[in-house]
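A.B. asks: I have a structure I would like to understand better, so I am pasting it below and will then ask my questions one at a time.
The values are calculated or read from the model by the stated rules, or taken from the named source; none is laboratory data. Here the structure is a predicted model, which means the values were calculated and not measured. Here the Cβ positions follow ideal geometry from the backbone for every residue, glycine too, while neighbour counts run over all protein chains shown. Heavy atoms of the whole protein, side chains included, go into the accessibility calculation; ligands, DNA and RNA do not. Shrake-Rupley method; radii C 1.70, N 1.55, O 1.52, S 1.80 Å.
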Amino acid sequence: MYRLYAQLGNYAAVARAIGRSASTVSKYIQMKGVPLNVRLAVNNLMQDNV
């Protein structure tokens, strides 16, 4: 999902690609309700892989 967002650039396009709603994609991309240390770890991993 994160890679698709990096490629496509918006929640709606990612939602169409994976068959979920844009609000669900938004929730996962923004990591609502996730502790800061986990968000930072995911962000660091995504920067290394993109």
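A.B. asks: Would you mind calculating the relative contact order of the chain from Cα pairs under 8 angstrom and at least 6 residues apart, reporting the percent as a whole number? Show your work: numbers first, answer last.
C.D. replies: On the way: 24 pairs, mean separation 16.8, N = 50.
It comes to 34 percent, rounded to a whole number.
A.B. asks: If we count every other residue with Cβ under 13 angstrom of residue 14's Cβ, Lys/Arg +1 and Asp/Glu -1, where does the sum land?
C.D. replies: Cβ neighbours under 13 Å give a net charge of +4.
A.B. asks: At a 1.4 Å probe, what is the % contribution of carbon and sulfur to the accessible area of the chain? Don't skip to the end; give the middle numbers.
C.D. replies: Numbers: 1990 of 3780 Å².
Carbon-and-sulfur percentage of accessible area, whole number: 53.
A.B. asks: Could you tell me the convex hull volume per residue, in Å³, taken over the Cα atoms of the chain?
C.D. replies: Looking at the chain, the number lands at 63 Å³ per residue.
A.B. asks: Are there trypsin sites (Lys or Arg not before Pro) in the chain that DSSP marks as loop and that have at most 11 other Cβ atoms within 10 Å, and which are they?
C.D. replies: 32
A.B. asks: With springs only between Cα atoms under 10 Å, which of 14, 38, 25 fluctuates most in a Gaussian network model of the chain?
C.D. replies: In this elastic network of the chain, the residue with the biggest mean-square fluctuation among 14, 38, 25 is 38.
A.B. asks: Might you work out the accessible area of residue 18 for me, using a 1.4 Å probe with all protein chains in place, and round it to the nearest 10 Å²?
C.D. replies: Rounded to the nearest 10, that gives 70 Å².
A.B. asks: Follow-up question, since we're still on this one. For the chain, what is the accessible area per residue in Å² when the probe is 1.4 Å?
C.D. replies: Averaged over the residues of the chain, the accessible area is 76 Å².
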